[in-house]
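The values are calculated or read from the model by the stated rules, or taken from the named source; none is laboratory data. As the structure is a prediction and not an experimental result, all values here were calculated from the model. As a convention, Cβ positions derive from the backbone with ideal geometry for all residues, glycine included, and neighbour counts pool all protein chains shown.
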Amino acid sequence: MTINLGDVAKEKGIKYFLVSFTDLFGSQRAKLVPASAIAGMQEDGAGFAGFATWLDMTPADPDLFAKPDPDSLIQLPWKPELGWLAADLWMNGEPVAASPRNALKAQMALAAEQGLQMKTGVECEFFLISPDGTEISDEADTQAKPCYDQQALLRRYDVITEICDCMLELGWQPYQNDHEDANGQFEMNWHYDDVLVTADRQAFFKFMVKSIAEKHGLRATFMPKPFAHLTGNGCHMHVSLWKGGTNVFEDAASTYGLSDTGLAFIGGIMHSAQGLAAITNPTVNSYKRINAPATLSGATWSPNSVTWTGNNRTHMIRVPEGDRFELRLADGSTNPYLMPAAVLALGLDGMANGRDPGPRLDINMYTEAEKAGEVKKLPLNLLDALRALEASDVLMESLGELAPSYLKLKHAEWNEYSRQLTDWERAATLDC
Ligand SMILES: [Mg+2]
């Protein structure tokens, strides 16, 4: 039975709804709708001018409608009179194919044709910084190895526990919070779930963390590399694939504990990883995190090559146990919907074509990469990644209409960046 959001508002005491969607660059856009008008919005959607957002549209295009998904409703624990809704985009009576949530649902439908469901968990690292964005917010947080620093974690107790309390109240099953490897950096983990549930939660998590940080006079950032000498913000993604109640990645009898299906899924990702980086690492700044030199703490914790391994954190793909793998490629600027859409597309390609991930590498990629032999390197910058995406038949085909739109907007971003005159180039070139 369809949920009637007007009734839900009365039942839960919701006065307003945020009808929200995520555009191609991961920005969240919303209309604030009074509960008295939500029934109409549920039917027809909230109207937007698509060109005013990061979508490939023109000012001449007709209205874009964001139709809220009632199943995604989250009543804000820190402001219970407000309900957040993830919305799907429609135009001219059709779903907009070049929009992230629709793209993810399209891949999920393809998997469902084979009776398959992907489940994911994400680790969204973030920094708590000063409101002007120039420095970390805790001046006492200066240790060279600050990971799991108990004292620094407790100095941010009020912020971290307010966020964790919200997750507890929402039933996300959070299970641990820590200070991460960079000064000022934190990570909060909640239980994995269906890929769309996790994607909506990831979008909401970023909104929630930023909002609660602001309440405490701070600022939160998921920027991939906000400080050159510190470890960046990763967005590690744990992936499993299910048929009914069975995890089809598991095979205790196999060499790596991972089934042939699991190996082929990983093989699909390895096959197209350089193009995938344009989705998982979608900003100019992303490439200051991957391929980075060692940080103050001694390691970047980010990959530089297309390799996979067992329980070893120096590779792009880690298989901690046979029931799942961890993709360590993405960073905090990745789009919560496009990342899993692309990963699922590549997994399905790997399974359909029996892609071989090659041998598992049990080496330290930070110190003995020469032992890896001939392995593909990750792109060095956003332009390399965009070109790799264009060259990837698998990704271009599976992302369909979204791919050219995404590439058009991202090339424009790169062109804008490349016109900037930086201090570094002045210093390096002034005396040429
Ligand atoms: Mg982490």
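Selection over segment 143-200 of residues that are in a loop (DSSP other than H, G, I, E, B), hydroxyl-bearing (Ser, Thr, Tyr) and within 20 Å of Ala220 (Cα to Cα) gives a count of 1.
Looking across segment 381-405 at every residue that is small (Gly, Ala, Ser) and outside any helix (DSSP H, G or I), the one that is surrounded by the fewest Cβ atoms within 10 Å (Cβ to Cβ) is identified as Ala391. Look at Val8 and say whether it is modelled with pLDDT of 95 or more, of a type in the set (Val, Ile, Thr) and in a strand (DSSP E or B). Here the answer is no, as Val8 does not meet what is asked.
Of all residues in segment 268-294, those satisfying the criterion of being among the β-branched types (Val, Ile, Thr) and buried (at least 21 other Cβ atoms within 10 Å of the Cβ) are Ile269, Ile279, Thr280, Thr283, Ile290. Given the criteria within 23 Å of the chain's Cα centre (by Cα) and either assigned to a helix (DSSP H, G or I) or at pLDDT below 95 (or both), does Ala86 qualify? So Ala86 does not fit the description; no.
From the set of residues in segment 319-369 that are part of a strand (DSSP E or B) and touching a residue at least 24 places away in the same chain (Cβ under 8 Å), which is surrounded by the fewest Cβ atoms within 10 Å (Cβ to Cβ)? So the residue we want is Glu321.
Of all residues in segment 13-37, those being loosely packed, with under 14 Cβ neighbours inside 10 Å and part of a helix (DSSP H, G or I) number 1. Restricting attention to segment 38-73, the residues being surrounded by fewer than 15 Cβ atoms within 10 Å (Cβ to Cβ) and of a type in the set (A, V, I, L, M, F, W, C) number 5. Give the residue, chosen from Asp200, Asp178, Asp138, Asp149, that is at pLDDT 95 or above, within 15 Å of the ligand (Cβ to nearest atom) and in contact with a helix residue (DSSP H, G or I) (Cβ under 7 Å, 6 or more places away or on another chain). Of the residues listed, the single one that is at pLDDT 95 or above, within 15 Å of the ligand (Cβ to nearest atom) and in contact with a helix residue (DSSP H, G or I) (Cβ under 7 Å, 6 or more places away or on another chain) is Asp178.
In segment 228-260, the residue that is surrounded by the most Cβ atoms within 10 Å (Cβ to Cβ) out of those that are more than 16 Å from the ligand (Cβ to nearest atom) and over 16 Å from Val319 (Cβ atoms) is Trp242. Counting just the residues of segment 91-121 that are under 14 Å from the mean Cα position of the chain (by Cα) and buried (at least 22 other Cβ atoms within 10 Å of the Cβ), which one comes out nearest to the ligand (Cβ to nearest atom)? Filtering segment 91-121 for residues that are under 14 Å from the mean Cα position of the chain (by Cα) and buried (at least 22 other Cβ atoms within 10 Å of the Cβ), the one nearest to the ligand (Cβ to nearest atom) comes out as Thr120.
For segment 201-238, the set of residues classified as more than 14 Å from Pro336 (Cα to Cα) and not in a loop (DSSP other than H, G, I, E, B) consists of Met208, Val209, Lys210, Ser211, Ile212, Ala213, Glu214, Lys215, Arg219, Ala220, Thr221, listed by residue number.
Would you say Asn183 is over 15 Å from the mean Cα position of the chain (by Cα), within 16 Å of the ligand (Cβ to nearest atom) and within 30 Å of Val248 (Cα to Cα)? Criteria not met by Asn183.
Select from segment 291-330 the residues that are of a type in the set (Gly, Ala, Ser) and more than 24 Å from Lys145 (Cβ to Cβ) and write down the one among them that is nearest to the ligand (Cβ to nearest atom). Lay out the reasoning, then the answer.
Here is the first cut: in segment 291-330, the ones of a type in the set (Gly, Ala, Ser) are 292, 294, 297-299, 302, 305, 310, 322, 330.
Adding the requirement that they be more than 24 Å from Lys145 (Cβ to Cβ) leaves 305, 310, 322, 330.
Details: Ser305: 20, Gly310: 18, Gly322: 22, Ala330: 12 Å.
Applying the filter and picking the extreme gives Ala330.
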